[in-house]
Amino acid sequence: RASEQLASFAGRGALSDGTVVPLLANVGTGDDARAAAEAGAEGVGLLRTEFCFLGRDSEPTVEEQADAYTEVFEAFPGRKVVVRTLDAGADKPLPFLTDATEPNPALGVRGYRTDWTTPGVLERQLEAIAVAKQRSTADVWVMAPMIATVGEAARFHDLVVAAGLKVSGVMVETPAAAITAEQILERVDFVSLGTNDLTQYTMAADRMLGSLANLNSPWQPAVLRMIQATARGAAQASERGGEHKNVGVCGEAAADPALAVVLVGLGVDTLSMSPRSLAAVSAVLARVDAAEARRLAELALHATSAQEAKEAVRAELPVLADLG
Ligand code: PEP
Ligand code: MG
């Protein structure tokens, strides 16, 4: 029964046909990381490093940063930990990086773009990540938030390599990144879909506005098409490069068990979520095979609204009722 599976989640996400779907955790601190490991997460799919900087009015030193990252890496020896470089701005302002007077902060200097106005912070952060990596056995991947062009991805990759780190990637949070994923993945090793921002920018609906919650749903067929475009671009890049390019999801979408099935059906390889969602997501994934996931993805893609997509998919997953 699904309720038994819920209690017995042992940290190995898979479909009923054995297709492996690693289930990772979103964390912000060492405490979060230890709790995630306890909950069975297979690794970290998103370390929100801003959490190490929040409440600071100056940049933490390389040593302070390295200590914070080391704590996270040590919770996952030998496991994958995806570190996101600073995502300051918009909903996450940091006084030493962002300009509070911008008229449209969500469309402003945020995420990777802060490197243009405050150079050096990103290089020092990569240095700190490299120091922390040396102190642990974690498999450290590094990615940049709020990428919109192939050139940004290429430059980020160069900075990662210059810091002595090996695996570089970018978040797909803008429609621009989604529809150029193939070209982006000629420069970096992986992408991770930030569906919170990808939804906001695809639907042109501020993620902070409760009054736009209906537009701001990752079930919107337009958002699902962006995810599909990303996965297709990655498949093309993988084929041409002769090496698999991982497509992850680290936005809230991955924590919705029915949507998780759709994401896998669209071609997503790994899912990262708040640890409390791991058990329910794994229980539902274990009830479908890859062909069924693809069929449910098609169903959602062809719906005419978020509501219709969600209802159509949920109706095909009776296991959801057991989960309450
Ligand atoms: C996202 O945008 O989906 C994401 C994971 O990043 P954040 O929520 O931190 O902006
Ligand atoms: Mg984001």
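Annotations
- Look at (1) in contact with a Leu (Cβ under 7 Å, 6 or more places away or on another chain); (2) touching a residue at least 12 places away in the same chain (Cβ under 8 Å); (3) closer than 28 Å to Pro105 by Cβ and you find that Gln228 fails only one, number (3).
- The condition (being part of a loop (DSSP other than H, G, I, E, B) and either more than 22 Å from Pro105 (Cα to Cα) or away from ligand 1 (no atom under 12 Å from the Cβ) (or both)) is satisfied by just one residue among Ala205, Ala234, Ala254: Ala205.
- For the range 156-179, the set of residues classified as more than 19 Å from the chain's Cα centre (by Cα) and either within 16 Å of ligand 1 (Cβ to nearest atom) or within 20 Å of Thr61 (Cα to Cα) (or both) consists of Leu159, Ala162, Ala163, Gly164, Leu165, listed by residue number.
- Residue within the range 168-178 that is in a helix (DSSP H, G or I) and surrounded by fewer than 22 Cβ atoms within 10 Å (Cβ to Cβ) present: yes
- Conditions (1) surrounded by fewer than 20 Cβ atoms within 10 Å (Cβ to Cβ); (2) within 9 Å of ligand 1 (Cβ to nearest atom); number of the one not met by Leu198: (1)
- Some residue of the range 31-50 being under 30 Å from Ala205 (Cβ atoms), at pLDDT below 95 and within 16 Å of ligand 2 (Cβ to nearest atom): yes
- Here Ala90 clears all of (1) modelled with pLDDT of 95 or more; (2) touching a Gly at 6+ places or on another chain (Cβ under 8 Å); (3) within 16 Å of ligand 2 (Cβ to nearest atom) except the condition numbered (1).
- The residue that is nearest to ligand 1 (Cβ to nearest atom), counting only those in the range 8-18 that are surrounded by fewer than 16 Cβ atoms within 10 Å (Cβ to Cβ) and at pLDDT 95 or above, is Ala14.
- Filtered residue count, the range 170-215, keeping only those that are of a type in the set (Lys, Arg) and more than 16 Å from ligand 2 (Cβ to nearest atom): 1
- Identity of the residue in the range 137-155, more than 16 Å from ligand 1 (Cβ to nearest atom) and touching a Ser or Thr at 6+ places or on another chain (Cβ under 8 Å), that ends up nearest to Tyr112 (Cα to Cα): Thr149
- Cβ-Cβ distances below 7 Å connect the following pairs, each with a first residue in the range 203-219 that is of a type in the set (Asp, Glu), a second residue that is in a helix (DSSP H, G or I) and surrounded by fewer than 18 Cβ atoms within 10 Å (Cβ to Cβ), and a separation of six or more residues or different chains: Asp206/Ala106; Asp206/Leu212.
- Among the residues of the range 180-207, those that are of a type outside the set (Val, Ile, Thr) and more than 16 Å from the chain's Cα centre (by Cα) comprise Glu182, Gln183, Glu186, Arg187, Met203, Ala204, Ala205, Asp206, Arg207.
- All positions within the range 126-154 that are of a type outside the set (A, V, I, L, M, F, W, C), touching a strand residue (DSSP E or B) at 6+ places or on another chain (Cβ under 9 Å) and either away from ligand 2 (no atom under 16 Å from the Cβ) or touching a residue at least 60 places away in the same chain (Cβ under 8 Å) (or both): Lys133, Ser136, Asp139, Pro145
- Matching helices (runs of 4 or more DSSP H) fully within the range 1-106 where at least 3 residues are within 30 Å of Gly265 (Cβ to Cβ): 2-7, 30-38
- Inside the range 271-321, residues that are surrounded by 15 or more Cβ atoms within 10 Å (Cβ to Cβ), within 19 Å of Thr199 (Cα to Cα) and of a type in the set (Ser, Thr, Tyr) make up a count of 2.
- Conditions (1) surrounded by 24 or more Cβ atoms within 10 Å (Cβ to Cβ); (2) over 23 Å from Asp197 (Cα atoms); (3) among the β-branched types (Val, Ile, Thr): number failed by Val81: (2)
- Inter-residue pairs, beta-carbon under 6 Å, first hydrophobic (A, V, I, L, M, F, W, C) and in the range 15-32, second surrounded by fewer than 20 Cβ atoms within 10 Å (Cβ to Cβ), 6+ apart: Leu15/Asp289; Leu15/Ala290; Val20/Ala14
- Exactly one residue out of Val262, Val191 is part of a helix (DSSP H, G or I), touching a residue at least 24 places away in the same chain (Cβ under 8 Å) and in contact with a Leu (Cβ under 7 Å, 6 or more places away or on another chain): that is Val262.
- The number of residues in the range 252-270 being buried (at least 24 other Cβ atoms within 10 Å of the Cβ) and within 12 Å of the chain's Cα centre (by Cα) comes to 4.
The values are calculated or read from the model by the stated rules, or taken from the named source; none is laboratory data. In this text, all values refer to a predicted model and were calculated from it rather than measured experimentally. Reconstructed Cβ throughout: ideal geometry from the backbone, glycine too, with neighbour counts over all protein chains shown.
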